[in-house]
1. At what distance in angstrom do the alpha carbon centres of the range 286-346 and the range 120-182 lie from each other?
2. Mind checking the per residue accessible area of the range 191-244 for me, 1.4 Å probe, whole number of Å²?
3. For the range 242-304, restrict the atom set to alpha-carbon positions and state the Rg and Dmax in Å.
4. Where nothing but the Cβ of Lys and Arg (+1) and of Asp and Glu (-1) is charged, how large is the charge dipole of the range 305-367 around its Cα centre, in debye to the nearest 20?
5. In whole percent, and with a 1.4 Å probe on the protein chains, what portion of the accessible area of the chain is carbon and sulfur?
6. Per residue Cα convex hull volume for the range 253-373, in cubic angstrom?
7. Can you compute the charge dipole magnitude of the chain about its Cα centre, using +1 on each Lys and Arg Cβ and -1 on each Asp and Glu Cβ, nothing else charged? Give it in debye, rounded to the nearest 20.
8. Quick one: pull the percentage of alpha-carbon pairs in the chain with a separation above 27 Å.
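The values are calculated or read from the model by the stated rules, or taken from the named source; none is laboratory data. None of the values given here were measured: they were computed from a predicted structure. A quick note on method: Cβ atoms are made from the backbone with ideal geometry, for glycine too, and the neighbour counts reach across all protein chains shown. Keep in mind that these areas ignore ligands, DNA and RNA; they rest on the heavy atoms of the full protein, side chains included. Shrake-Rupley method; radii C 1.70, N 1.55, O 1.52, S 1.80 Å.
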Amino acid sequence: MKRYSLLSLVLVMALAFSLPVFAQDEDPMAYFGELTPEAGAVLTVSGWGEESEQQIVRDSIARFNEIYPDVTVNYEPIPNDFQTAIKAAIAGGTAPDVFYVDADLFINLSPNGNLLALNDYMEQAGITAEDYPAPLMSQWTAADGTIYGIPKDFNSLALFYVPELFDAAGVEYPNPDWTWDDMQAAAATITEATDAAGLCTPPDVGRWPALVLANGGQIMNEDFSEALVASPEAVAATEFWYDLYTSGAGAAPADIGMSWCGEAVGNKLTAMAYEGGWLVNYLNTQFPDVDWAVSTLPSTADGGQGNLLFQNAWGAKADTQYPNAAALLVLFLTSPMNQQPIAETGFALPTHMDLLNDSDFLASLDESSRVLLAGVAGGQPFFYGSKNGEVLGELGKALNAIFLGEKDVETALNEAATTINDLVSQ
């Protein structure tokens, strides 16, 4: 599967094709062409996420039922161990009709005919792969062109911070010109002056690679056939992240009694965190009285920038009793009429080209969404090929060994690279 440069995504989004944006006062059924649901269709839908994300899905289903009231949709979220639960449900014949598909599920389910091929249903609806950015669609498309998922949204990382803690320490707020040194100095001062950690520094494979990329390193090569995580650039970036932790300028969530960095921000136990748009709705709903702000990720001293692109898809099981209705729900959930209200919550960025090419819509986004959209320019997809799950597992082991003091950075990353190279050569 080809890995696209994020620069290509930025170029795609920058092209002004003057595509017609769906008007909310038009007949919404017309958007789906000739695709109609089966009579009496009943669908079960599932995804992961805490309560604020679950509400996003509930609201989406409600919008779908405004158009198709005769389709019964039962939402059954699985907040934890989602991938394991879905694989078991597929094997047992009890899988939901429509569900989140991540890289692991796509890799495991699509070759075995467990996911519904969407091409024919898209054709009936008049929806094409070109309605979504190619770098996103490619991850859900098999080598033979079969589409098994539609990207539901995407995110990059930004530096979320708590102004109150900066004020208490007498530190200026982050800004787009910030470097790693600025962040380190601010984090150290805040840690010393307040009861909070300056920066949330988890041993997290979904955060740390952004620093590797900013420092000129890579996790793997272009075709995912070789791990590059032990390069001098990657080692130096990891040492910087780990030094923040050991110096006390940073703290892992568990060290301050939190389950993740977002919870630490909400409880004002950390002043800064590398997080994505999922944090916006979480803070707004779970910590509505907390004042927070967002800035771009700091660069290296020589201007190096790095970021990650996160995405998941909506897909359906191949043996659903109501394939028309299931495909229709997938296409609705990823349509501009559903993605626009989700984007307006700040939860995630839309993937539909009608919205990405709509200058008025983009201008209407809040500051956090605009910062996250700008962050795409320095990033790469958070995906490492057909052995994605195993690769992430080995990287996680290496980071944990480093943060537990069991191995030095260079040793841990060299061992991870060796193991990953053995995995991808099989």
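1. 7
2. Values: 1840 Å² over 54 residues.
It amounts to 34 Å² per residue over the range 191-244.
3. Cα only, the range 242-304: 12.9, 38 Å (Rg, Dmax).
4. Values: 1 positive and 7 negative charges, 72 e Å.
About 340 debye.
5. Values: 8280 of 16980 Å².
C and S atoms contribute 49 percent here.
6. Values: hull volume 20.2 nm³, N = 121.
Value for the range 253-373: 167 Å³ per residue.
7. Numbers: 13 positive and 57 negative charges, 140 e Å.
Around 680 debye, computed over the chain.
8. Working: 47730 of 90525 pairs.
For the chain, the share of Cα pairs beyond 27 Å comes to 53 percent.
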